[in-house]
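Here the structure is laid out as structure tokens; the discussion comes afterwards.
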Amino acid sequence: MNSRAPYISKSKFLWGVQCPKLLWHAYNARHLIPEPAPEQQAIFDQGHEVGGMAKQSYPGGIEIGKGITDLDKVLALSKQALNQRRPLFEAAFAFNGGYARADILNPTGRDEWDVTEVKSTTEVKAVHLDDLAFRAHAYNRAGLRCHRSNQKQPLRVESKAATLRRVFHNGFRFLIKSSLGFAMLNRSAPAAS
């Protein structure tokens, strides 16, 4: 039996931001939380599809811990994979009980990483900023060196008809493919203070 306190994932953190009772139920009465309705599940499935499309922009990338539910094992695999200096998908980092997985990490420089978060949406929402703040905190405090860059990051898109627009908000750059509901939060996380 594991005596370590449970991690709070980025998703559960966002549940708590949006509804503290939902967070309590997630840890104390999970059986009372209903399964997603088919319409909501379709939205989740579309998000996974968009994530798959984004990964195609990083050939040679490594998927970390697919199908592994032991979070400590995924953390160890992520740490090992950092040494390969290849794009990483779903790498996991934890600090002080907070746990987050990076959609895409792309190596830059000698030991730094560009962090790309993928969202299936047509606009930047306030919850995306909470999402990114939690991730940035976990990554930086776990020791991941996130590259800070104002350079434009290339985004290869399957459809040439897609329209990309850049939105700057509180220092983060969001790339939004508005015509097809595909968005990437593509900005290096802020350095740890």
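The values are calculated or read from the model by the stated rules, or taken from the named source; none is laboratory data. What you see is a predicted model; the values in this text were computed from it and never measured. Cβ atoms come from the backbone with ideal geometry, glycine included; neighbour counts cover every protein chain shown.
Just one of the numbered conditions (1) over 19 Å from the mean Cα position of the chain (by Cα); (2) of a type in the set (Gly, Ala, Ser); (3) within 25 Å of residue 142 (Cα to Cα) is not true of residue 65: (1). What pairs come up if the first residue lies in the range 96-115 and is in a loop (DSSP other than H, G, I, E, B), the second is among the basic types (Lys, Arg) and surrounded by fewer than 20 Cβ atoms within 10 Å (Cβ to Cβ), and their beta carbons are under 6 Å apart, counting only those six or more places apart or on different chains? Partner pairs satisfying both residue conditions: 111/145. Selection over the range 30-43 of residues that are surrounded by 10 or more Cβ atoms within 10 Å (Cβ to Cβ) and either under 15 Å from residue 102 (Cα atoms) or at pLDDT 85 or above (or both) gives a count of 5.
Select from the range 61-89 the residues that are in contact with a helix residue (DSSP H, G or I) (Cβ under 7 Å, 6 or more places away or on another chain), assigned to a loop (DSSP other than H, G, I, E, B) and touching a residue at least 12 places away in the same chain (Cβ under 8 Å) and list them in ascending order. Matches in the range 61-89: 61, 64, 65. Of the residues making up the range 78-101, those that are crowded, with 17+ Cβ neighbours inside 10 Å and out of contact with any Lys or Arg (no Cβ under 6 Å at 6 or more places or on another chain) are 78, 81, 82, 87, 88, 91, 93, 94, 98, 99, 101.
On inspection, residue 58 fails the criterion of being more than 15 Å from residue 118 (Cβ to Cβ), in contact (Cβ under 8 Å) with a residue 40 or more places away in the chain and either surrounded by 14 or more Cβ atoms within 10 Å (Cβ to Cβ) or not hydroxyl-bearing (Ser, Thr, Tyr) (or both). Restricting attention to the range 62-72 and to residues that are of a type outside the set (Val, Ile, Thr) and at pLDDT below 95, the residue that is surrounded by the most Cβ atoms within 10 Å (Cβ to Cβ) turns out to be 65. Just a yes or no: is a residue in the range 44-51 under 22 Å from residue 130 (Cβ atoms), buried (at least 17 other Cβ atoms within 10 Å of the Cβ), β-branched (Val, Ile, Thr) and at pLDDT below 90? The answer is yes, given that some residue of the range 44-51 is under 22 Å from residue 130 (Cβ atoms), buried (at least 17 other Cβ atoms within 10 Å of the Cβ), β-branched (Val, Ile, Thr) and at pLDDT below 90.
Look at (1) farther than 16 Å from residue 140 by Cα; (2) outside any helix (DSSP H, G or I) and you find that residue 43 fails only one, number (2).
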